[in-house]
Amino acid sequence: MNIISGGLCAAKGFKAGSTLCGIKESQTKEDLAIILSDCPCTAAATYTLNQVKAAPLYVTMEHLKDGTARAIVVNSGNANACAPEGMENALRQAKAAADFLGIDENQVLVASTGVIGQRLNIECIEENIGNINLTYDGSEAASIAIMTTDTHPKTAAVEFMIGGKICRMGGIAKGSGMIHPNMGTMLSFITTDCAITQEMLQEALSESVKRSYNRVTVDGDTSTNDMCVVLANGTAENRIIEQKNEDYNAFYNALHEVNISLARQIAADGEGATKLITCIVRGAGSEEAAEALAKSVCGSSLVKAAIFGADANWGRVLCAMGYANASFNPASVRISFSSGAGNLMVCDQGHGVDFDEALAKKILLEKEITVEIDLWEGNSAAACWGCDLTYDYVKINGDYRT
């Protein structure tokens, strides 16, 4: 497997493009994007577990009942969640895209991101969607159009072999705040030219999402709009993946590489963030326990604030582990901080140890920080991702709607 460029359009037979509609009056960047396959695709998706779901999710769920799709239309600037005429406008958005593309509207998936509770200006979408220029190198344009408080686009792509055929996979994502996925506001769209059945595609996606996006937390808020969609058009002409075998494993590894890359990019671009935090828990009795502990550390406001201040306050790490939904022996825990500036153990057997405060500060001033936790109780491990908590997080969210 090789890392390549191209994002969504790295896979053969996929176009993308965007335009500015003015969905949010203050918006100056493009805010409507379309992703289109040259032919029908096998499709799979995962959605937010929030009980409050946006209208576009229900439309996408309905359109994916047959496991196929050909296009995705996505807007930023308005979530179309808990909004007047929400379902009607989500359906109108699908129809506008279908009319523009000349395909059945049931083959169009819909996604939205932005402010909750306000009516979507569907009229401006219908008026301007025809301005989208779909190209085979339009991934970057689409990735910018779906951004809200993101500071930069998020993209990934890989090339891999299935049965002697070269296959490609690429994706884009958005997410900066309201990130605590249980499938954060997080959208991810992935394309591949690999041939795979819908059953195997869904299984691979669901399994990968558990170990990628679901292990990211920025602020503990699970969005109403979280969605991850994969389209597979089969143009690589590999023998179709119909069961879990060597080909399936190669496909899963490629998908997981893309998802992990996008998940880390989302965590690093948390609203107001200056640092990416990775928490690795090793030696756990189960992977579920390791994940719960790691996510609790990444989600702790006190840990996040300490990392922002480059303060090696390891007691906050142990405290966050203590209220996670996982049992462990505190007397066995070892905690270390590491980065490009070095590695430093700060706690052993559940107690503090003497350490060089100057080195600790140097380690925690780096842009990527790893909190390493050893439990010495088993053979399972998990990594989760988050970011520091800065003054700017409150500034961004204090007047987000207005």
Please work out the Cα center distance from segment 73-145 to segment 197-265, rounded to the nearest Å.
23 Å
Within straight-line cross-link reach of Lys53, lysines at Cα separation under 18 Å, skipping those fewer than 8 residues along the same chain:
Lys65, Lys174
Expressed in µm² per second, the diffusion coefficient of segment 276-398 from the Stokes-Einstein equation, with Rh the Kirkwood radius over alpha carbon pairs, at 25 °C and 0.890 mPa s, is 172 µm²/s
Excluding residues fewer than 8 places away in the same chain, name every one of the lysines whose C-alpha is closer than 19 Å to that of Lys304.
Lys275, Lys295, Lys361, Lys362, Lys367, Lys395
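Only Lys, Arg, Asp and Glu count, each charged at its Cβ (+1, +1, -1, -1), so figure out the dipole size of segment 2-268 about its Cα centre, rounded to 20 debye. If you can, show how the numbers build up before the last one.
Values: 20 positive and 30 negative charges, 103 e Å.
I would put it at about 500 debye.
What FRET efficiency, computed as 1/(1 + (r/R0)^6) with R0 = 45 Å and r the Cβ-Cβ distance, is obtained for Asn133 and Asn343, rounded to the nearest 0.05?
Details: r = 49 Å, r/R0 = 1.09.
That gives a FRET efficiency of 0.35.
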Can you list the aspartates and glutamates whose alpha carbon is less than 13 Å from that of Lys24, not counting same-chain residues fewer than 8 positions off?
Glu123
Which part of segment 31-56 falls in the paramagnetic zone of Glu62, meaning amide N under 17 Å from the point 7 Å along Cα-to-beta-carbon?
53-56
Taking 67-80, 286-299, 157-170, 334-347 and ranking on average Cβ neighbours within 10 Å, highest first, one gets 67-80, 286-299, 157-170, 334-347
Table column - 3J(HN,Hα) (Hz), segment 38-55, Karplus curve with 6.51, -1.76, 1.60, x for Gly and Pro:
5, 9, x, 10, 6, 9, 9, 8, 10, 9, 4, 8, 4, 5, 9, 10, 6, 4
Computed, not fitted: 222 nm per-residue ellipticity of the chain from DSSP H runs ≥ 4 (each -39500 (n - 2.57)), nearest 500, equal to -9000 deg cm²/dmol
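Each value in this text was obtained by applying a stated rule to the coordinates, not by laboratory testing. What you are looking at is a predicted structure, and each value in this text was computed from that prediction instead of being measured. Ideal geometry is used to build each Cβ from the backbone, glycine not excepted, and the neighbour counts take in all protein chains shown.
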